[in-house]
1. Can you list the residues, at least 5 places off or on another chain, whose amide H is less than 5 Å from the amide H of ILE139, using H built in the peptide plane?
2. Filter the cross-link list LYS339/LYS431; LYS237/LYS339; LYS237/LYS266; LYS145/LYS237; LYS145/LYS242 down to pairs whose alpha-carbon distance in this structure exceeds 29 Å.
3. Once you list every other residue whose beta carbon is under 13 Å from the beta carbon of GLU291, what net charge do they have if Lys and Arg are +1 and Asp and Glu are -1?
4. Find, among the chymotrypsin sites (Phe, Trp or Tyr not before Pro) in the range 14-44, those assigned to loop by DSSP (not H, G, I, E, B) with at most 13 other beta-carbon atoms within 10 angstrom.
5. Express in whole angstrom the spacing between the alpha-carbon centres of the range 110-148 and the range 269-324.
6. Apply the Karplus parameterisation 6.51 cos²θ - 1.76 cosθ + 1.60, with θ equal to phi minus 60°, to every residue of the range 224-236 and state each ³J(HN,Hα) to the nearest whole Hz, in sequence, with x for glycine and proline.
7. Given H placed on each backbone N at 1.01 Å, which residues far from ASP261 in sequence or on other chains put an amide H within less than 5 Å of it?
8. Set the Förster distance to 45 Å, then compute FRET efficiency between LYS242 and ILE440 from the Cβ-Cβ distance, nearest 0.05.
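Every read-out reported here was derived from the displayed coordinates using simple, explicitly stated rules and does not represent laboratory data. All values derive from a computational prediction rather than experimental measurement. Every residue, glycine as well, gets a Cβ built from its backbone with ideal geometry; the counts of neighbours run over all protein chains shown.
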Amino acid sequence: MSQNFIACDRDQAFLMPPSLREWLPGDALVWCVLDAVAELDLSGFLVAYRADGHGRPAFDPGMMVALVLYSYAVGERSSRGIERRCQWDVAFRVVTANQQPDHATIARFRARHEEALAGLFPQVLALCARSGLVSLGVIALDSTKIAANASGQANRTYEQIAAEILAEAAAVDAAEDELYGEARGDELPPELVDPVSRRARLREAKVQLEAEAAQERREYEARMAERAEREAELGRKLGGRKPRGPREVAAGRRVNITDRDSRPVKTPRGFIQGYNAHAVATCEQIIIAAEVQIGGTDQGLLEPMIDAAASELRAAGVEESIDAAVADAGYWKTEQVQKLQDDGIQVLVPPDGQTDGKPGDPRRRGGVYDDMRQLLDSDEGTRLYRQRMCTIEPIFGHTKHNRRADRFQRRGRAACRSEWRLITATHNLVKLWRARTAAIAA
């Protein structure tokens, strides 16, 4: 008697027409994404297409939005990777209804609808709010450094760029001399061929840079005059570091020739070429604000990020106000802390950084500094501040490790901001899916 196995006949044809609904379980993430897209306002995408229907037919924007959202939700952001998975991944084939957009179409869709994709963030937040996932007792804000789509080796000073242009021009001249020899009568105009004219154009560019440096000096002098006027009003010198002069700034300035908005930013593992990505989250780890800044500092962004969170909540239809906000010491800005407290928001931000048991900055004594230290040392302040580590930091770990979103795919701050808002919106979508799945299981 032969052994009893379930038959595995790959040549067996479907006995009845297959249904996509039978390919995945009913609680799969893809169904949550498709249901969410059905509730979104996609008018921002539709306006980019001709209303008369002329021209080559395009993929349905609703399908493309669902494809992008689901791809980011499962950690697939490469346009070529998305194209491959549209061929062999069942969930992707369900999203596209067995259509297979190529990687160029996917990449162009993301670039063409950059602002509309960023605008999905408040709509997804509204879906989470309607499901009861947004509570604003305590919010936490923090930032993480995300690598740019550029190499740190591509950073150049203006002098290095000019030297490379000159070297390239000389190499082109030598190659043309070797290839063409004497003039043949069909040369380019003399002003484009003569290496002297190339150097003249570089000198013109240098004059332009000098003009920009002069403008920076005028702005610096205006800031110093304002500072002197303020000191005269107070009758004492202002604390803190004086603004650096434009010569010091220009001397150390470098620009990345691949992504000019990116900067070297410090991480626990050293410097990377990248951006500073900020997020504000609730205790349920729902992100309520997401922004990208140039440079690695957090100082001065406490109030703007809380204001951005309030704006996103209003756009999402959430009327509840923010009671308390916690952030690390890098966000400390005295004027902003005082203003937020005057507005009725309890702010918990350490005025001292990592001091290893040593006393903090001696200039930060009395007034709001000591009040904040006493608040953080109290039982209630300690309890509230501890929520920061279990609220915002796991989000960054999940995003950068589990979903592999540790490097931006596109270049420029505007494009990276759109991508970061898309990443955080899909984080909220995953949270919404898990909440609905848990509710069904219960």
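1. ALA324, ALA325, VAL326
2. The answer is LYS339/LYS431; LYS237/LYS266; LYS145/LYS237.
3. Numbers: positive: ARG413, ARG417, ARG421; negative: ASP142, ASP298, GLU303, ASP307, GLU312, GLU419.
Surrounding charge for GLU291 is -3.
4. Loop-located and lightly packed - PHE14, TRP23.
5. 9 Å
6. 5, 5, 5, 5, 5, 5, 5, 5, 5, 5, 7, x, 8
7. Amide H neighbours of ASP261: GLY412, ARG413.
8. On the way: r = 61 Å, r/R0 = 1.35.
Efficiency, rounded to the nearest 0.05: 0.15.
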